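Since every read-out is calculated from the coordinates, none of them should be taken as a lab result. Please read all numbers here as calculations on a predicted model, not as lab measurements. No Cβ is skipped: glycine too gets one built from the backbone with ideal geometry, and neighbour counts run over all protein chains shown.
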Amino acid sequence: MNWFTDTLGTSIGKKLMMALTGLAFCGFLATHLAGNLTLYVGSEAFLSYAEHLHSLGPLITLAEWSLLTLAIIHVATGLTLFYQNWRSRPVRYSVKKTAGGRTIGSRTMPYTGILLLLFIILHLLNFHFVDKTGTNIWNIVTDTFNSGGYIFIYIIAMIVAAVHVSHGLWSAFQTLGVDHPKYTPFIRGLSIVFSVIIGIGFGFIPIFISISV
Amino acid sequence: MTKTINLTLKVWRQKNAGDKGKFETCQARNISTDMSFLEMLDVVNEGLTVDGKEPIAFDHDCREGICGMCGTVVNGRAHGPEKGTTLCQLHMRHFDDGDTIAIEPWRARAFKVLKDLVVDRSALDGIIQAGGYISVNAGGAQDANNLPVPQDKADKAMDAAQCIGCGACVASCPNASAMLFAGAKISHLALLPQGRPEAAKRAWAMVKAMDALGFGNCTNERECEAECPKEISIVNIARMNREYYKAGFFSGEKN
Ligand code: HEM
Ligand code: FES
């Protein structure tokens, strides 16, 4: 192996890949949310946003393939780490209490991650791999959120995403080696604020659509 | 008048490394609250010996919180419920009369249970052997200020050097990762001028060794720094990560 794959292959190397791909996803979530806020304005704003996005042409294709690549790295590495960590303690404690370090987010990373993966597949089936002839994306969105089941799934998924990111964002900085008494409290706070914005910003879309349309 | 308490212990008993092991219940009677946890175990062991039973094997040496030999998981907490305390410095006044206490050995794939509460922590030595040293003779004491060390660096190195290698970080980590230990050892040397020349080689070799010895991967759960009897901070893990990236991406270091 060469120096590059060797460096990424160790425990810290794998963590580095998790952190970089995870941070890229956080950036994606932020832009995705900014775009989706047009849904709160109405059909015209949303459709013109969608049109602008698609007018980017090859750039959008590039972004899609990049996201897919990042997702494959994040999921494959995440599952590998999960398996290795599960194997690293063959005999479990009969009594185990936290000393106060863990959070709901940090405890559940692999589980929220797997749920997110399932959700992302469903989400793409709902809005990406659909026949758009004779209709438009606004209609597809409003039709989907006509169903109580979808509203429920989407809200739960956004809570799951918020929980994942509440640990993930801070954790990625720590993994990258950014930890200092001066700014770590800020980064930890930012993770919580960011996850609340993601959870509320996305989570209210289905409710808003089902009430207003 | 010293206060005494009676306790029920649920202790892990295992004859040897090959034995399956199981929990056994025994009583600890008339325990003075001035005793340390290990002294309480001594009293229980005396009783067991008198009854012709095998005493509970546990590791210990200095009994003053500096050697790093002692340590078990007490009611789900490494070194018991007190912050910044080794098991030998945990006093029985922190327990109430009638309490039931579960006592288990450190659990990790990299730490084999040898007998009862005694585990083989030589995997930590393996990490040190991979590079936790400087390979030139330090020589005699130099004149003061020949090698200037800024005070904050000296303080940080000293904080990292407080690690006594007890293994509580591994035991309390949900992933049985040794990154706080490795981070402290790598930081301690990387912060000082004598350690700099081999910093890249050391970071690389120690991380590789840590992985090969079967420890888990850090997921930044922060349980280790909360349980560390020397309260070593995870800023040392971040520093190890930086040293590792420098070694992997920017140094001439070949694995
Ligand atoms: C698609 C399914 C996903 C899976 C299976 C997954 C899995 C995981 C796992 C297991 C970890 C912990 C890794 C470790 O601590 O070493 C993790 C960390 C992380 N995830 Fe995800 N995740 C997924 C999606 C996402 C998404 C959509 C985001 C975007 C917000 C994200 C952001 C992060 C971040 C920032 C980290 C922290 C990296 C670190 O600790 O260094 N993940 N993910
Ligand atoms: S016996 Fe030495 S630290 Fe506890």
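Pairwise alpha-carbon distances in the protein assembly as shown exceed 39 Å for 37% of all pairs. The mean number of partner chain beta-carbon atoms within 10 angstrom of a residue's beta-carbon across peptide A:11-24 is 4. Please state the shape class of the range B:97-219: rounded when a/c is under 1.5, otherwise prolate if a/b exceeds b/c and oblate if not, all from the C-alpha gyration tensor. It comes out prolate by the Cα gyration axes.
Considering the convex hull of the alpha carbon atoms of chain B, report its projected area averaged over all viewing directions, in nm², one decimal. So the Cα hull casts an average projection of 16.7 nm².
Packing-based ranking of B:163-169, B:142-148 yields B:163-169, B:142-148, ordered from highest to lowest mean Cβ neighbour count within 10 Å. Helical runs (DSSP H, four residues minimum) scored at -39500 (n - 2.57) apiece and divided by the length of chain A put the mean residue ellipticity at 222 nm at -27000 deg cm²/dmol. Taking Cα atoms only, the orientation of helix A:184-212 departs from the longest principal axis of chain A by about 30 degrees.
Would you please classify the overall shape of the range B:157-255 from the alpha carbon gyration tensor, given that a ≥ b ≥ c denote the square roots of the eigenvalues, rounded means a/c under 1.5, and beyond that prolate means a/b larger than b/c while oblate covers the rest? Taking the square roots of the gyration eigenvalues as a ≥ b ≥ c, the range B:157-255 is oblate.
Can you tell me the 0 to 90 degree angle between the C-alpha axis of helix A:104-127 and the longest principal axis of chain A, rounded to 10? The angle comes out at about 30 degrees. Name the residue from B:Val11, B:His91, B:Leu114 whose Cα lies farthest towards the positive end of the charge dipole of the range B:4-115, charges +1 on Cβ of Lys and Arg and -1 on Cβ of Asp and Glu. Value computed over the given set: B:Leu114.
Lysine pair count for the range B:4-115 (Cα-Cα distance under 18 Å; residues 8 or more apart in sequence or on different chains): 13. Modelled spin-label separation between A:Phe152 and A:Ala63, with each label point placed 7 Å from Cα along the Cα-to-Cβ direction: 3.3 nm. Entry for the range B:4-115 at q = 0.22 Å⁻¹: log10 I(q)/I(0) = -1.41, Debye formula applied to identical alpha-carbon scatterers, no solvent contribution. For a paramagnetic label modelled at 7 Å from the Cα of B:Arg196 toward its Cβ, which residues of the range B:145-183 fall within the zone defined by backbone nitrogen distances under 20 Å? Hits in the range B:145-183 for B:Arg196 at 20 Å: B:145-161. Taken about its Cα centre, the range B:54-167 carries a charge dipole of about 360 debye when Lys and Arg each add +1 at the Cβ and Asp and Glu each add -1 at the Cβ. Considering the range A:128-170 at the alpha-carbon level, its Rg and Dmax are found to be 14.2, 44 Å.
Quick check: from the Cα gyration tensor, does the range A:72-213 come out rounded (a/c under 1.5), prolate or oblate? Prolate. Since only A:Leu16, B:Gly76, B:Ile232 are under comparison, the one whose Cα sits farthest along the positive direction of the charge dipole of the protein assembly as shown, derived from C-beta charges on Lys, Arg, Asp and Glu, is A:Leu16. Could you point to the residue in B:Gln162, B:Ala141, B:Ser177 farthest towards the positive end of the range B:122-251's charge dipole, with +1 and -1 charges on the Cβ of Lys/Arg and Asp/Glu respectively? Farthest towards the positive pole: B:Ala141. Taking the convex hull of the alpha carbon positions in the range A:1-144 and averaging its projected area over all directions gives 12.9 nm².
Using only alpha carbons, the range B:184-223 has a radius of gyration to Kirkwood radius ratio (Rg to Rh) of 1.05.
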